[in-house]
Amino acid sequence: MTSVFTRIIEREIPADVVYEDEQVIAFRDIAPRAPVHLLVVPKSPDYADVVELAAGDPALLAHLVATADALAREHTGGDFRLVFNTGEGAGQTVFHVHAHLLGSRAGMTEESLGEL
Ligand code: AMP
């Protein structure tokens, strides 16, 4: 089944896109849990979670992480959290691999992580 993220990539539904290249797209989470809450998403629909991505295309995972780092320098001042919910029991709701990039220019503490 087509994921909501594929529909965003195909521009079938709107999103606040902050970055895009041939391999990944990044947009603001619709229900932010931090002052900066971006989703960094490989365009390929082939990987349901980060374990599949790491096994199937480690270079794409590395590109996703490098993209998150570049976006954090732009949006949070540099430091960030990268969260990959993996499995329903961990709160994953969209089975098209994505990283939650969380941060704040004011800094974050353990307490400010929030529920994902
Ligand atoms: P997860 O629960 O880890 O699978 O994360 C899915 C995330 O996608 C949640 O944080 C949702 O708020 C977010 N989300 C779902 N639909 C949209 C959408 N149309 N635009 C932006 N973010 C979305």
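Worth a mention:
- Being of a type in the set (A, V, I, L, M, F, W, C), within 14 Å of the ligand (Cβ to nearest atom), at pLDDT 95 or above and in contact with a strand residue (DSSP E or B) (Cβ under 8 Å, 6 or more places away or on another chain) is a property that holds for Val83.
- Check on Thr67, away from the ligand (no atom under 16 Å from the Cβ), at pLDDT 95 or above and among the polar types (S, T, N, Q): yes
- Condition check for Ser44 on (1) hydroxyl-bearing (Ser, Thr, Tyr); (2) out of contact with any helix residue (DSSP H, G or I) (no Cβ under 9 Å at 6 or more places or on another chain); (3) free of Cβ contacts under 8 Å to residues at least 40 places away in the same chain: one failure, at (2).
- Test: residue in segment 40-56 that is more than 15 Å from the ligand (Cβ to nearest atom) and under 28 Å from Glu110 (Cβ atoms): yes
- Summed over segment 76-91, residues that are surrounded by fewer than 11 Cβ atoms within 10 Å (Cβ to Cβ) and either within 11 Å of the chain's Cα centre (by Cα) or within 14 Å of Ala48 (Cα to Cα) (or both) total 1.
- The one condition in (1) loosely packed, with under 11 Cβ neighbours inside 10 Å; (2) of a type outside the set (Ser, Thr, Tyr); (3) modelled with pLDDT of 95 or more that Ala72 fails to fulfil: (1)
- For segment 1-32, a tally of residues being more than 9 Å from the ligand (Cβ to nearest atom), surrounded by 14 or more Cβ atoms within 10 Å (Cβ to Cβ) and of a type in the set (Lys, Arg) returns 0.
- Of the residues Leu39, Leu53, Leu60, the single one that is surrounded by 18 or more Cβ atoms within 10 Å (Cβ to Cβ) and in contact (Cβ under 8 Å) with a residue 60 or more places away in the chain is Leu39.
The values are calculated or read from the model by the stated rules, or taken from the named source; none is laboratory data. Note that this is a predicted model, so its numbers are computed, not measured. A quick note on method: Cβ atoms are made from the backbone with ideal geometry, for glycine too, and the neighbour counts reach across all protein chains shown.
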